[in-house]
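K.L.:
Dumping the structure here so I can ask a few things about it.
Read-outs throughout are calculated quantities, based only on the coordinates presented, and are distinct from any laboratory measurement. Predicted model, so just to flag it, every value in this text is computed and none were measured. No Cβ is skipped: glycine too gets one built from the backbone with ideal geometry, and neighbour counts run over all protein chains shown.
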Amino acid sequence: MSPQHHPSNDVLTGYVAGALEPGFGLVVAAHVEVCTHCRAGVGAFEAASGAALEALPPEKVGDDALSKVLERLNDAPKPEAKPDTRPFVERLSLKPKKWVAPGVWVAGVNTPHAPQNRVYLLSVAAGGLTARHEHTGAEFCTVLSGAYRDELGLFAAGDFAAAESDLNHQPIVQSDEACVCLFATEGRLKPQGWLGRLAFAYADV
Ligand SMILES: [Zn+2]
């Protein structure tokens, strides 16, 4: 099934222009890679701004957009290699998994070139519940597998969600398999309740 929740036009244009923080760009790239609708949107923005962009150093968003974002996050650009066709999650440079509650693990994504971006994978087992929390800054999320539901609707593999700082929500996993999401956040999450505080402090998110 194709994704039902997409980044806004503002987010997509920022992505095309390379104006997003690399960690946030990575989360958008994870969505664009599996969304024909947004890939078409990216193409349209590129065409519309082609003349303006031509004046800038080449930073074309194409099939290799994801590897470019990953390069910005990781090491210096490598010599041209053949396209990396591994599944998205295997192309990320992950810190060790930390189990923070039964059925819940977190793994930070290494972003040495964007240390201020907090990027991480969160996996919650089937039927699992995350801690109710409030956001102190923006958050982007792309579902990589499984599905969850919160006050904003059902989010399944490929879906993109952007949370503003006033969102207070408690996602609940809806799938039979674990729900794995890629997050980028600015600011810290403010979990409510002692278990949430303990888990989030331990996970360093
Ligand atoms: Zn989309």
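K.L.:
What does the charge add up to near Trp105, with Lys and Arg as +1, Asp and Glu as -1, over the other residues with Cβ less than 9 Å from its Cβ? Provide the component values of the computation, followed by the final result.
P.N.:
Values: positive: Lys97, Lys98; negative: none.
Charge balance in the 9 Å sphere: +2.
K.L.:
Between Ala126 and Asn9, what FRET efficiency comes out of the Förster formula 1/(1 + (r/R0)^6) with R0 = 41 Å and r the beta carbon distance, rounded to 0.05?
P.N.:
Working: r = 34 Å, r/R0 = 0.84.
After rounding, the FRET efficiency stands at 0.75.
K.L.:
How do Val28, Val106 line up, fewest other C-beta atoms within 10 Å first? Show your work: numbers first, answer last.
P.N.:
Details: Val28 28, Val106 22.
Starting with the residue having the fewest Cβ neighbours, the order is Val106, Val28.
K.L.:
If you don't mind, there's one more thing I want to ask. Neighbouring Cβ atoms within 10 Å as the yardstick, rank Thr111, Thr142, Thr85, Thr36 fewest first. Walk me through the numbers before you get to the answer.
P.N.:
Working: Thr111 23, Thr142 28, Thr85 6, Thr36 10.
Fewest-to-most Cβ neighbours within 10 Å comes out as Thr85, Thr36, Thr111, Thr142.
K.L.:
Could you work out how far apart the two model spin labels at Glu46 and Lys98 are, taking each label as a point 7 Å from the Cα in the direction of the beta carbon, and quote it in nm?
P.N.:
For Glu46 paired with Lys98, the spin-label model returns 3.8 nm.
K.L.:
Which net charge results when you count Lys and Arg as +1 and Asp and Glu as -1 among the other residues whose beta-carbon is under 12 Å from that of Leu144? Mind showing how you got there, number by number?
P.N.:
Values: positive: Arg91; negative: Glu33, Glu90, Asp159, Glu177.
Result for the local shell: -3.
K.L.:
Mind checking the full-extension length gain between Glu33 and Asp176? Use 0.36 nm per residue of separation minus the Cα-Cα distance, one decimal, nm. Spell out each step's value before the answer.
P.N.:
On the way: separation 143, 0.36 × 143 = 51.48 nm, distance 2.40 nm.
Between Glu33 and Asp176, full extension yields 49.1 nm more.
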